[in-house]
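Contents: one structure, followed by commentary.
Just so it is clear, none of the values below were taken in a lab; they were calculated from the coordinates. Quick caveat, the model's predicted, so the values are computed rather than measured. We place every Cβ from the backbone using ideal geometry, glycine too, and count neighbours over all the protein chains shown.
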Amino acid sequence: KSICYQIPSLIYYRRFKALTLVISPLISLIQDQIKSLPHFIKAATLHSSLGKEKRDNIIYRVSQRDFSILYVAPEALIYGGPNLFDNFPPISFVCIDEIHCLSSWSHNFRPAYLSVTNLL
């Protein structure tokens, strides 16, 4: 099912240097998805376990359009600061991975998921 956004993200990246934002609930899931990407799809991740230097480097590289996909944990998106997107390339589309878990696990699972739509 990840192919549903991977192929369009590659097309938008090659044509417009646009970024696809994938919001995903689990760091381990994000890491698995990045590892399984074909070599020609470049991706990065932002999440709470990253140190400041690594986080700043990823944000810089996103601003330089080095990646077609940026995987983010909902908290990194919500609490990333008001200027997080200031230097980002255009966002072609946003995917919310594992969204079915929100209805299954209720609003107590990850409150940040509920705030994502306010930011977008």
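Within straight-line reach of K17, meaning a Cα separation under 19 Å, sit the following lysines at least 8 residues removed in sequence or on another chain: K42. Working ranking of peptides 49-62, 13-26 by packing, defined as the average number of other Cβ atoms within 10 Å per residue, highest first, is 13-26, 49-62.
Using the Karplus relation 6.51 cos²θ - 1.76 cosθ + 1.60 with θ = phi - 60°, the per-residue 3J(HN,Hα) values for region 54-70 come to 5, 4, 4, 5, 5, 4, 4, 5, 5, 5, 8, 6, 7, 10, 9, 10, 10 Hz, with x marking Gly and Pro.
Does region 1-43 come out rounded, prolate or oblate, given a ≥ b ≥ c as the square roots of the eigenvalues of its C-alpha gyration tensor, rounded meaning a/c under 1.5 and, failing that, prolate meaning a/b above b/c? Prolate is the answer for region 1-43, as a/c is 1.5 or above and a/b outweighs b/c.
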